1. Being within 21 Å of V56 (Cα to Cα), loosely packed, with under 14 Cβ neighbours inside 10 Å and in contact (Cβ under 8 Å) with a residue 60 or more places away in the chain is true for just one of E235, E203. Which residue is that?
2. Being among the hydrophobic types (A, V, I, L, M, F, W, C) and not in a helix (DSSP H, G or I) is the filter here, so list the residues in the stretch 19-35 that pass it.
3. Look through P182, P214 and report the one residue that is touching a residue at least 12 places away in the same chain (Cβ under 8 Å), out of contact with any Lys or Arg (no Cβ under 8 Å at 6 or more places or on another chain) and within 16 Å of the ligand (Cβ to nearest atom).
4. Against the conditions (1) more than 16 Å from the ligand (Cβ to nearest atom); (2) basic (K, R); (3) touching a strand residue (DSSP E or B) at 6+ places or on another chain (Cβ under 8 Å), where does K11 fall short? Just the number, please.
5. Take the stretch 1-17 and flag every residue that is open to solvent by less than 30 Å² (accessible area, probe 1.4 Å) and either small (G, A, S) or closer than 16 Å to L231 by Cα (or both).
6. Exactly one condition in (1) within 16 Å of the chain's Cα centre (by Cα); (2) more than 16 Å from the ligand (Cβ to nearest atom); (3) free of Cβ contacts under 8 Å to residues at least 60 places away in the same chain is false for F60; which is it?
7. Is it fair to say F167 is within 16 Å of the ligand (Cβ to nearest atom), touching a Cys at 6+ places or on another chain (Cβ under 9 Å) and either under 19 Å from A217 (Cα atoms) or modelled with pLDDT of 95 or more (or both)?
8. Can you tell me how many residues in the stretch 118-162 are within 16 Å of the ligand (Cβ to nearest atom), modelled with pLDDT of 95 or more and of a type in the set (K, R)?
Amino acid sequence: MNKLSIGYLYKDELNLYGDNGNIEVLAARCLRRDIECEIVLINKGKLSAYDRLSGVNLLFMGGGPDSSQKSIYRDFLEEKEPFVRDYVASGKTGLFVCGSYQLMGDYYRSADGTELKGLGIFKAHTVHFGKNKPRCIGNVRARLNNQISSDSVFKSTDFLGEEVLGFENHGGRTYLDAGVKPFAHVTYGHGNNSEDATEGIVEGNCIGTYFHGPVLAKNPHLADYLIAKALDVNELPKLNDALTTASYTASKKLR
Ligand code: GLN
């Protein structure tokens with residue numbers, strides 16, 4: 001089986017609520033299957049310095065406060081945009097959590113009114129209403145959209161069902177363009193904006209989501225789906241997931 005090569009954007013700046021744990025879950029679930037896994041750290045600076053990007057088959061970027069988003073967004077737009085745009089357009093797999101999800105959209109109007117232009121790859125925009133609206137904080141659950149749940153790869157790797165669990169803490173409210181598919185539909189909590197019951201977004205094989213947790217620690221079935229998609233295989237060797245299943249079942253009861 002091919003190697004999982006994870007491109008990890010802005011590890012130090014965008015790692016809110018332990019989002020780097022998603023990388024650990026992906027690596028662990030590969031290594032337990034004897035699947036080789038490498039992590040390519042993609043920090044600020046010119047991409048020409050990175051010679052292994054062509055092999056990246058899973059791109060990850062975490063969340064962060066407005067200040068962290070502001071600290072990387074110029075680099076994200078000027079140095080990373082061509083690579084990320086080509087990557088998403090090529091149908092490769094990616095996961096963008098919260099603050100990075102926002103910056104993949106058209107723009108993020110932050111709490112102080114500063115408008116951060118995004119890459120515009122996700123057809124959505126985000127507005128933080130400052131103190132005029134409470135933050136979206138708490139446990140959150142959502143049912144995967146049918147593009148994912150009906151995917152034969154999801155059906156073969158799924159062992160926990162179509163609901164995903166997480167924790168959210170964001171002031172920004174994201175609005176998807178008309179006709180754009182969400183990652184999931186909220187069954188408990190806020191999701192994109194507390195108004196339309198959508199959660200996240202799907203563009204090709206890239207997912208944007210507000211779920212921290214880390215999201216892949218809380219949803220190992222989603223982790224396996226992303227690994228299988230990244231490796232372009234229809235299924236993965238089964239693992240003994242008794243502990244993770246018990247953790248998932250317990251998390252479903254959280255309020
Ligand atoms: N700073 C953004 C907001 O408040 C994103 C927060 C996050 O990544 N958790 O909406």
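1. E235
2. I35
3. When all the criteria are applied, what remains is P214.
4. (1)
5. L4, S5, I6, G7
6. Of everything listed in (1) within 16 Å of the chain's Cα centre (by Cα); (2) more than 16 Å from the ligand (Cβ to nearest atom); (3) free of Cβ contacts under 8 Å to residues at least 60 places away in the same chain, F60 misses just condition (2).
7. It is false that F167 is within 16 Å of the ligand (Cβ to nearest atom), touching a Cys at 6+ places or on another chain (Cβ under 9 Å) and either under 19 Å from A217 (Cα atoms) or modelled with pLDDT of 95 or more (or both).
8. Residues in the stretch 118-162 being within 16 Å of the ligand (Cβ to nearest atom), modelled with pLDDT of 95 or more and of a type in the set (K, R): 1 in total.
The values are calculated or read from the model by the stated rules, or taken from the named source; none is laboratory data. Fair warning: this is a prediction, and the values are worked out from it, not measured in the lab. For neighbour counting, all protein chains shown are included, and Cβ atoms are generated from backbone atoms with ideal geometry for every residue, glycine included. The protein model used for the area step is the full one, side chains on, heavy atoms only, and it has no ligands, DNA or RNA in it. Shrake-Rupley method; radii C 1.70, N 1.55, O 1.52, S 1.80 Å.
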